[in-house]
Amino acid sequence: MRYSLLDFGPSDLPRFRRRLAYVLAPAATLAACLVGIVAWRRMQQEGGGPDTLNPHIDTFQQYNASLPMPGAAHTYNGYEDKRRHPKIRHTKDNYTHVFAIGDWGALLPSHKAAWRKARGYVPYAQGQVARAMKRLARHKGPQYVLNVGDNFYWEGIKQSCNDPPNRAWGKAKGQFQAGWRSMYGWLTNKPWLSALGNHDYGGFTFVQGWPQQIGYSFVNHHWIMPAQYYHKKMQHDGYIVEYFVTDSNALTAYYPGHHEKHNICSFENPPGASCAAHGGPKNLWDCHGWFRRHHRKQRRWLIRKVKASTADWKIAVTHSPCGKDTTMWRHLHQHHGLDLLVTGHRHQQELWHKGTQNGWIKGNMAAHDLGGLTCFVTGGGGGIDAEDYPGVWYGGRDLTWFGFFHLMISKQKIKVHMIDENGRLRGSTIVHARKKHHGPHSRHQRRLHHNHSTVHHRHHHSR
């Protein structure tokens, strides 16, 4: 029997409601099932979150012994990583797509962002940024990821720095599974060229499992960190991009008692703190000096390697942000052809380029002159709350709280896109390929070249 609303009087309203619920309940159940299926499929595609990790899958894939596990964390410092990487492909527009992220390692097992009681606290920001990355990745197909460090908050891998790198099979494996693999899903099947951040050493200490982060590079071939600093050439289609990955954490390693809230060498280190077993600081009072010596040695290495490089693109990846070590970066850009500087540490997204109209960025660029070098900070990966600088507006271009960067690389140019946690474009610039110098480069050689030209000119007119 069919009914219409006209068949029911006021006294029949409860019966009508029961019949309506009887009719709609199966439809609601079906809709809920469809929504669940769509969400499940998307979660499977994106890698989802910690609840999607299959604990029975062993994600470690060895390098077939092409390079042995180091006996100590510093064994391969300065090494050129020549281990094979997957073939790099470009899209139909002739660009290779690359992502960059930093300061992403939220607290485990909750995946909540570490909180300093700053204004920019979003509890599950890491998940938001990760989902935005995976949505864009489905369309752009990034070939690898640049990772500027702070991979595990607050205190890095929960192992001793005196444990050898091959202890990556222990707690490190579990933390990488929970904090990296489960969060970024299939994106972790791409190479991640990775740097150490200050929280990877321990944040307020230097005694955590940073050697095991290096060791993990030798049992999972997608995590590329063979040493504290290294360089690696990525062969693109018809050109080479060379990355110089450095450890700049000496800039947050002060004398004990100074800047205690941001000091690797603070009194928060446990009594008898030492990493001497693997070439690290011998004790708390050696900590500042050890990091400084490490930094000076590394700077000499970096200048030598960037100068000698013949790659089409030269890009530096490090943890300390734009505005630090400006004299060195300016020198490398102006004299040795460094094209781009990729950084983190400040917990926000910044794009430093000549065309910026952002007042905060312009002010910092004027105070810390990089000599025209394009630099960006990708410290908004969501592992910790965002910065809270008074009077700074984060709603415009070139500056925002959370997100990642998307690089579109060709032989002629690099398009730099700043993407926020919702997948929106928040800033962009273009880095053009430097002119290839076929003549002399050094000042002495240019002076000799100029003198020779002058003599030749005079001789020509004297004839």
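The values are calculated or read from the model by the stated rules, or taken from the named source; none is laboratory data. Remember, predicted model here, so these are calculated numbers, not experimental data. Virtual Cβ from ideal backbone geometry, glycine too; neighbours counted across all protein chains shown. Accessible surface areas use protein heavy atoms only, side chains included; no ligands, DNA or RNA. Shrake-Rupley method; radii C 1.70, N 1.55, O 1.52, S 1.80 Å.
Overview of results
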quantity: With all protein chains modelled, accessible area of Phe218 [1.4 Å, Å²]; calculated: 10
quantity: Area of Lys282 that stays accessible when all protein chains are in place (1.4 Å probe, Å², to 10); calculated: 140
quantity: Calculated log₁₀ intensity ratio I(q)/I(0) where the Debye formula runs over C-alpha points of segment 212-349, q = 0.10, 0.21 Å⁻¹; calculated: -0.40, -1.36
quantity: Heavy-atom accessible area ranking, 1.4 Å probe, most first, across Arg181, Arg89; calculated: Arg89, Arg181
quantity: Added length on full extension, which subtracts the Cα-Cα distance from 0.36 nm per residue, Met328 to Ala277; calculated: 15.2 nm
quantity: Difference of contour (0.36 nm per residue) and Cα-Cα distance, Asp369 to Lys415; calculated: 14.4 nm
quantity: 21 Å Cα-Cα threshold exceeded, pairs from Lys324/Lys362; Lys297/Lys362; Lys233/Lys354; Lys232/Lys411; Lys140/Lys413; calculated: Lys297/Lys362; Lys233/Lys354
quantity: Stokes-Einstein diffusion coefficient of segment 83-215, Kirkwood radius over Cα pairs, 4 °C, 1.567 mPa s, in µm²/s; calculated: 82
quantity: Partners for Lys173 among lysines (Cα-Cα distance below 22 Å; same-chain residues under 8 apart left out); calculated: Lys112, Lys158, Lys190
quantity: Cα-only Debye scattering, segment 247-323: base-10 log of I(q)/I(0) at q = 0.18 Å⁻¹; calculated: -0.79
quantity: Computed lengthening from Trp285 to Ala308, 0.36 nm per intervening residue step minus Cα-Cα distance; calculated: 4.6 nm
quantity: Pair-distance profile P(r), taking every C-alpha pair of segment 234-288, with 10 angstrom steps and integer %; calculated: 23, 36, 16, 13, 11, 1
quantity: Accessible area per residue in Å² at 1.4 Å probe, computed on segment 253-318; calculated: 53
quantity: Set of aspartates and glutamates near Lys314 by C-alpha distance (under 20 Å), chain-local residues within fewer than 8 positions excluded; calculated: Glu80, Asp81, Asp237, Glu242, Asp247, Asp325, Asp339, Asp369
quantity: Probe 1.4 Å - accessible area at Met365, Å² to nearest ten; calculated: 50
quantity: Cα gyration tensor category, rounded, prolate or oblate, for segment 62-141 with a/c compared to 1.5; calculated: oblate
quantity: Calculated diffusion of segment 151-276, Stokes-Einstein form, Kirkwood radius summed over Cα pairs, 20 °C and 1.002 mPa s, µm²/s; calculated: 139
quantity: Kirkwood Rh (inverse of mean 1/r, distinct Cα pairs), segment 292-380, angstrom; calculated: 13.5
quantity: Top positive-direction residue, dipole computed over segment 98-221 with Cβ charges, set Gly202, Val98, Gln212; calculated: Val98
quantity: Residue order for Thr246, Thr327 - accessible surface, 1.4 angstrom probe, largest first; calculated: Thr327, Thr246
